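Notes follow once the structure below has been shown.
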Amino acid sequence: MRGRGHAEPGPLLSVPAQSEQKGPFMPEQNAETLIEGLLLEQRTFEPPEKFRRQALISDDSVYREAAADFEGFWARLATEFLTWSREPTKRLEWTPPHCTWFEDGVLNASVNCLDRHVDAGRGDRVAYHWEGEAPGEARTVTYADLLREVCKLANGLKSIGIEKGDRVGIYMGMLCELPVAMLACARIGAAHIVVFGGFSAESLAERLRDSGAKALITQDEGWRKGAKVPLKANADRACAQAPGVERVVVLRRTGDPVPWEEHDIWWHDLTEGAEETCEPEPMGAEDALFLLHTSGSTAKPKGALHTTGGYLLHAAVTHKWIFDIHEDSVWWCAADIGWVTGHTYIVYGPLTNGTTSVLFEGDPAYPDWDRHWQIVERYRVSSYYTAPTLIRSFVKMGEEYPKRHDLSSLRLLGTVGEPINPEAWVWYWQVIGGGRCPIVDTWWQTETGGILITPLPGVVTTKPGSATIPFPGIEPEIVDEHGNPVDRGAGGFLVVKRPWPGMFRTLFGDDERYVSTYFTQFGPEVYVTGDGAKQDEDGYFWLMGRIDDVINVAGHRLSTTEIESTLVEHPAVAEAAATGAYDPQRGQRIVCFVLLKSGFGASDELSQELREFVADKIGKIARPAAVLFGEDLPKTRSGKIMRRLLKNIAEGDDLGDTTTLRDPVIVDDLKRKADAALGRSA
Ligand code: WTA
């Protein structure tokens, strides 16, 4: 699509011949050269002919329709994709920066995900092929099974006093009971707050407090790489700091004895003998479906609030069209349900579409690096969706792992969470996709609810490293610091200029922060994503990473401020600064600079202790790659930490001008330490 992106529908892309293969991805590249490399990337990949012939969307008519009337476009889909107990007459109502979609419509998310499939005679269809972490442990759950379990738990939750409008925390591993818990909340009108099972007790407590959760659903223990994760024990510590939680429902998974509190109740006791039907709560389209916390520029995570009608629609439409989901498709989104990717593309999108999915409890490297390919082969997976960081690990481990398995069932591959380097993209295309599967690089965020920038695989020619063009009806733009659109090829802030159905409606309990973080920089009509991007001459979007204080480690968002305020909680730490440095495997890694209190001496042991301290307080994903001690932190004469410099030090870059520093000697010392700690020769 040439010219003004989606605004001018036209023939979709002329396709230049494939250029020569480039050399291998160089791990020593830093972020800057990576981005330059991305923009130099010239190869293009047309939708394979066989795929195009079978694709659900095989021409540009949906782009045209949405460009002509985006509200009408979504309204048409709202009746096609969803079952309403009262059809909406309203579409978008926009009082910037707030919006509603389909406000007078009434529906229930669990009915859309379950009842209507069962009612249509498709109760026997498999909802989840569940694969446990231990090889051989598997379970098949049909739509009818899921509906029954959801109703039983919904009745159980009601019996312990959970009502419409309440909030319920969920802290579990990747079991079928996790979607059951989410949908049971949805059925009775309680908003769920899923907290990733890898988060610490402190992180869980903070999210429970922030959301005012009245109950928590957890499990005795989880499995991770053959070891047990003490979810219930963490939950106990969290609940001690979250007094609003009145009841804790505990699912038995490993069966080991766990500590027991008076407010605890076993899942099996709560649901035993419970009615197998449960009248769904009629929900307004704008009633809350869930909150999901994400990291921002301050230490406090933000609870993005998603509502029922618009979110569900966005989830269903994007899932079906982008991943080209047919009646007989077997879908696997290999994310964790604790992140938004799992919410939208393991639970709400696929279930609304009545799709058969794989749900995997374990780790891609357990017991060996071919686990994913074994699962693809076993269930004949047709579309597979994962993060670039994992693809890079697969590349590193080598082709012999995928080669052990028959991957011929795959028709489509997807990526999400961070930019993918072209070499990993091409490897994915050749080695996993066998050169026949289109790759959809999908850009979106917790706040956006669903995918916003992506190819439609039967229509859009892809370029490795680019998320390509906006989904129909979405209007992103790249602007300079004054909010003016930049020229093609120039970098700037990625913004979105009008609402879409799946967008978050506010930050729970903090609308002021919603407005100031996302809708102030360029006025109330312009959503600021926090990402930098460029558009090439074809209008293709190339994402360049966060431009705020957020670090993206292996596709997971972490706040520098949150890490810093955690470090200063340690008795030895006077001051701390965290920065994200380029990492060839995980996108970015966390490097921390610490000034110790007097009486504490720098040592490798203390550095190690602080790394563990952060991992313990926030979660393992936040464990810094290095904690470095300095005599001071690099500050300007007015005492402001120079973050640019910290990043340069962490990335081993030239330091540039340091004359404005209070004490320029400090940075040389830090740079030496960083180079030594991160294995760089000076
Ligand atoms: C990044 C995950 C490049 C981006 C769904 C965004 C991406 C943040 C892509 C959101 C992509 C996500 N290409 N960058 N395809 N997808 N990102 O909230 O920086 O966990 O702002 O949502 O991930 O992360 P979140």
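A short reminder: the numbers here are calculations on the coordinates, not readings from a lab. Just so it is clear, the structure is predicted and the values come from calculations on it, not from any experiment. Using ideal geometry, Cβ is built from the backbone for each residue, glycine included, and neighbour counts are taken over all protein chains shown.
Listed values, structure above:
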| read-out | value |
| --- | --- |
| Partners for residue 50 among lysines (Cα-Cα distance below 28 Å; same-chain residues under 8 apart left out) | 22, 320, 403, 463 |
| For the chain, diffusion coefficient by Stokes-Einstein and Kirkwood Rh (Cα), 25 °C, 0.890 mPa s, µm²/s | 95 |
| Projected label distance in nm at residue 644 and residue 658, using a 7 Å step from Cα toward the beta-carbon | 1.5 |
| Histogram of C-alpha separations across the range 398-532, 10 Å bin width, % | 11, 35, 29, 16, 8, 1 |
| Alpha-carbon centroids, the range 503-580 and the range 156-218: separation in whole Å | 25 |
| Gain upon complete extension [residue 68, residue 516; 0.36 nm per residue less C-alpha separation] | 158.1 nm |
| Calculated from backbone phi, Karplus (6.51, -1.76, 1.60) coupling profile of the range 538-551 in Hz, x at Gly/Pro | 8, x, 6, 8, 10, 7, 10, x, 6, 10, 9, 8, 10, 9 |
| Peptide ranges 131-142, 336-347, 615-626 listed from the most packed, as the mean C-beta count within 10 angstrom indicates | 336-347, 615-626, 131-142 |
| DSSP bridge pairs, the chain: antiparallel proportion in percent, nearest 5 | 60 |
| Residues with amide H under 5 Å from that of residue 165, placed H, sequence gap 5 or more | 190, 191 |
| Mean residue ellipticity (222 nm) of the chain, computed from DSSP H runs ≥ 4 via -39,500 (n - 2.57), nearest 500 | -8000 deg cm²/dmol |
| Sequence-distant residues sharing a close amide H with residue 357 (under 5 Å, placed H) | 128, 129, 331 |
| Residue pairs, from the table 617/671; 158/214; 396/673; 225/620, whose Cα atoms sit over 18 Å apart | 617/671; 396/673 |
| Nonlocal amide H pairs with residue 575, under 5 Å, H built at 1.01 Å | 595 |
| Per the chain, cysteines lacking a partner by the 4.7 Å Cβ criterion | 99, 113, 176, 185, 239, 333, 437, 592 |
| Contour excess over end-to-end distance, with Cα ends at residue 585 and residue 272 and 0.36 nm allotted per residue | 108.0 nm |
| Segment residue 482-residue 46, length gained on full extension (0.36 nm per residue, minus Cα span) | 153.3 nm |
